[in-house]
Amino acid sequence: MPKTKQVVRREWTKDDIKELKAHSNARTPVVTISRATKGTVGALRQKAIVLGMGLGHQR
């Protein structure tokens, strides 16, 4: 059986949320935000939904 990758979770800091809002206002593509923040696309989209904002250049 292949080894499974350990899931590493981290909390969202105030700076992370501020950066996500800035990217949202700039309509940065989600893939670019993902690379910059080292988070998954799904995690970014879920946090944006919780915060009540749109994410990505095509909304």
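Readers should treat all values here as calculations from the given coordinates under stated rules, not as data from a laboratory. Everything numeric here is computed off the predicted structure, so don't read it as measured data. Because the Cβ atoms are built from the backbone with ideal geometry, glycine has one as well, and the counts that use them run over all protein chains shown.
Here are the numbers:
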read-out: Pair VAL31, THR4: separation of 7 Å Cα→Cβ label points (nm); value: 2.9 nm
read-out: Using alpha carbons only: equivalent-ellipsoid semi-axes of the chain, gyration tensor based, whole Å; value: 23, 13, 10
read-out: Inter-site label distance for MET53 and THR13 at 7 Å from Cα along Cβ, in nm; value: 1.7 nm
